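Heads up: the structure comes next, in structure tokens.
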Amino acid sequence: MTIPDKKTSLGLLRQMMVIRDFEETADKLSLRGKVSGGMHNSSGQEAVAVGVLSALAPLDVIATTHRSHHHTLAKGFTSREIMAELFTRSTGISGGRGASMHLGDVTKGHFGGNGIVGAGVGIAMGAALGIQQKGDKKVSVGFIGDGGMNTGRTWEAVNMAVIWKLPLIVVVDNNQYAVETFVGRVTGGGDLAKRAEGFGMKAFNIDGMDVLEVRKYVSEARERALAGEGPSFINALTYRYYGHNVGEKGQYRTQEEIDTWKSTKDPIDHFTAVVIENGYADQAAIDEMRASVRAEIEDAVAFADASPEPDISTIYDDIDSGKLGVQL
Amino acid sequence: MEEIFVPALGMAMDNAVLLEWLKQPGDQVNVGDIVAVIETDKTTLDLPAETSGVLGKHMYAVNDEVPAGNTLCVVLAPGEAEA
């Protein structure tokens, strides 16, 4: 795999570190009752988010899932505005009215997280249709989990994207467990890329723990979409290190399985080694990066804590298109 | 100092009931020892110590309703004193 230049590579690594530190910090705060409505921790899945978003242009569209902090951070939103949203404060990305599952800003191509399994692909397909109708040079990425692979709506959206050759990229952030159900137990045919291929699109099963591999496949999918060749499907195999939701006391995975993924496949450890091997950084530089990330997340928590709650007069803001002034 | 607290679990957990203290103030506790048992709206939950040390005072009594996020007690490392 060709490694990008030094600045880009260190940026990818730092972004993954930001996500990990953000999630582990937010997890603890959620257990303390600081995060309204609970949250879903994406630790372990950093390479999918950073690989995908680093291959997109700033105004490309994403629509995501209930587990969306990593996608949103990787899209370039700050840890301050996301942490503030988790705390439901007015300085949050959604004005403090959305909390963890409704991060989004359509003016910047983030069409939101949501609580409906598999909905991100349908929303992204609609955005892709808009892009095509307007003749924009953009693509739309629909994130979905493995649990969304067996909902009917997903494949209706995929089929329409194929027949209309929409600039849609479906990315399965496949952490292998739909809450507690193992993907291998509920996947007819056993191979998600083959299923997608049956709809007439390019489809790949890839290593979602390798940020460069994800980035490469998404870059190529983006080129095809911009060339009018239609949608692609990327099933990125990854692993979530924590429960489905914060505080979940799961008995459906063995500690050995979790430890094995962490010790042998960790996306940050893996890419740190790549960066060091390439001479882009030494251990001291890595430690310094980690410390700067820690400071950033501490600052985000302090910022969120000090921010006011939204004013009641804003309660109807941002719920209709007139107010949003949506510009695809 | 480790704070042992009532974790906020799920989407909308408010309070838990303290069912039982298994360690008393001044007791030596080790990593993994169950210090208290609470009951949430869904389940009963053992709260283990994640560090070793001496247990501080009980901040709630058995049968008290404790808001999620609140501290029940602390585990003091050698040389530490309660605030």
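The values are calculated or read from the model by the stated rules, or taken from the named source; none is laboratory data. Not measured: the values here are computed from a predicted model. Using ideal geometry, Cβ is built from the backbone for each residue, glycine included, and neighbour counts are taken over all protein chains shown.
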(message) Yes or no: the stretch A:32-48 includes at least one residue that is among the small types (Gly, Ala, Ser), touching a residue at least 12 places away in the same chain (Cβ under 8 Å), within 14 Å of chain B (Cβ to nearest Cβ) and in a helix (DSSP H, G or I).
(response) no
(message) Just to check your reading of the model, which residue among A:291, A:281, A:285 is part of a loop (DSSP other than H, G, I, E, B) and either more than 14 Å from chain B (Cβ to nearest Cβ) or surrounded by fewer than 16 Cβ atoms within 10 Å (Cβ to Cβ) (or both)?
(response) A:281
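Every residue, every condition in (1) within 13 Å of the chain's Cα centre (by Cα); (2) over 23 Å from residue A:120 (Cα atoms), yes or no:
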| site | (1), (2) |
| --- | --- |
| A:27 | no, yes |
| A:53 | yes, no |
| A:78 | no, no |
| A:88 | no, no |
(request) For residues that are of a type outside the set (Lys, Arg) and within 14 Å of chain B (Cβ to nearest Cβ), scanning just the stretch A:1-31, find the one that is surrounded by the fewest Cβ atoms within 10 Å (Cβ to Cβ). (result) A:31
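Give B:8, B:16 a once-over and let me know the one that is modelled with pLDDT under 95, part of a strand (DSSP E or B) and closer than 19 Å to residue A:248 by Cβ.
Numbers: B:8 fails: part of a strand (DSSP E or B).
It is B:16.
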(request) Identify, by number, the condition in (1) surrounded by fewer than 24 Cβ atoms within 10 Å (Cβ to Cβ); (2) within 14 Å of residue A:297 (Cβ to Cβ); (3) within 14 Å of another protein chain (Cβ to nearest Cβ) that residue A:102 doesn't meet. (result) (2)
(message) Go through (1) closer than 30 Å to residue A:129 by Cα; (2) in contact with a Lys or Arg (Cβ under 6 Å, 6 or more places away or on another chain); (3) surrounded by 22 or more Cβ atoms within 10 Å (Cβ to Cβ) for residue A:44 and report which single condition fails.
(response) (1)
(request) Would you mind telling me which numbered condition in (1) within 11 Å of another protein chain (Cβ to nearest Cβ); (2) surrounded by fewer than 16 Cβ atoms within 10 Å (Cβ to Cβ); (3) modelled with pLDDT under 95; (4) touching a strand residue (DSSP E or B) at 6+ places or on another chain (Cβ under 7 Å) residue B:82 fails? (result) (1)
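For the stretch A:182-238, give me every one of the helices (runs of 4 or more DSSP H) that falls completely inside it and has 1 or more residues that are closer than 16 Å to residue A:60 by Cβ and without any contact (Cβ under 8 Å) to a residue 40 or more places away in the chain.
Numbers: elements: A:183-186, A:192-197, A:211-226.
Hits in the stretch A:182-238: A:211-226.
Going by the conditions given, is residue A:297 more than 14 Å from every other protein chain (Cβ to nearest Cβ), modelled with pLDDT of 95 or more and within 27 Å of residue B:47 (Cβ to Cβ)?
Details: more than 14 Å from every other protein chain (Cβ to nearest Cβ): yes; modelled with pLDDT of 95 or more: yes; within 27 Å of residue B:47 (Cβ to Cβ): yes.
Spelling it out, residue A:297 is indeed more than 14 Å from every other protein chain (Cβ to nearest Cβ), modelled with pLDDT of 95 or more and within 27 Å of residue B:47 (Cβ to Cβ).
Return the residue satisfying two criteria in turn: it lies in the stretch B:1-47 and is charged (D, E, K, R) and under 14 Å from the mean Cα position of the chain (by Cα), and of such residues it is farthest from the other protein chains (Cβ to nearest Cβ). Please lay out each step first, then the result.
Going residue by residue through the stretch B:1-47, those that are charged (D, E, K, R) are B:2-3, B:14, B:20, B:23, B:27, B:33, B:39, B:41-42, B:46.
With the extra rule that they be under 14 Å from the mean Cα position of the chain (by Cα), the set shrinks to B:2-3, B:20, B:23, B:27, B:33, B:39, B:46.
On the way: B:2: 12, B:3: 9, B:20: 18, B:23: 21, B:27: 24, B:33: 18, B:39: 14, B:46: 10 Å.
Restricting to residues being charged (D, E, K, R) and under 14 Å from the mean Cα position of the chain (by Cα), the top hit is B:27.
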(request) Pairs only if they're at least six apart or on different chains, beta carbon under 8 angstrom, first in the stretch A:244-264 and under 28 Å from residue A:36 (Cβ atoms) and within 12 Å of chain B (Cβ to nearest Cβ), second assigned to a helix (DSSP H, G or I) and among the polar types (S, T, N, Q); list them, first residue then second. (result) A:246/A:30; A:247/A:30
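For a quick check of your reading: which strands (runs of 3 or more DSSP E) sit entirely within the stretch B:37-83 and have at least 1 residues that are more than 17 Å from residue B:15 (Cβ to Cβ)? Explain how you work it out, then say what you get.
Details: elements: B:44-48, B:53-55, B:65-67, B:71-76.
Result: B:44-48, B:53-55, B:71-76.
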(message) Please determine whether any residue of the stretch A:108-119 is over 18 Å from residue A:208 (Cβ atoms), buried (at least 19 other Cβ atoms within 10 Å of the Cβ) and either free of Cβ contacts under 8 Å to residues at least 24 places away in the same chain or within 14 Å of chain B (Cβ to nearest Cβ) (or both).
(response) no
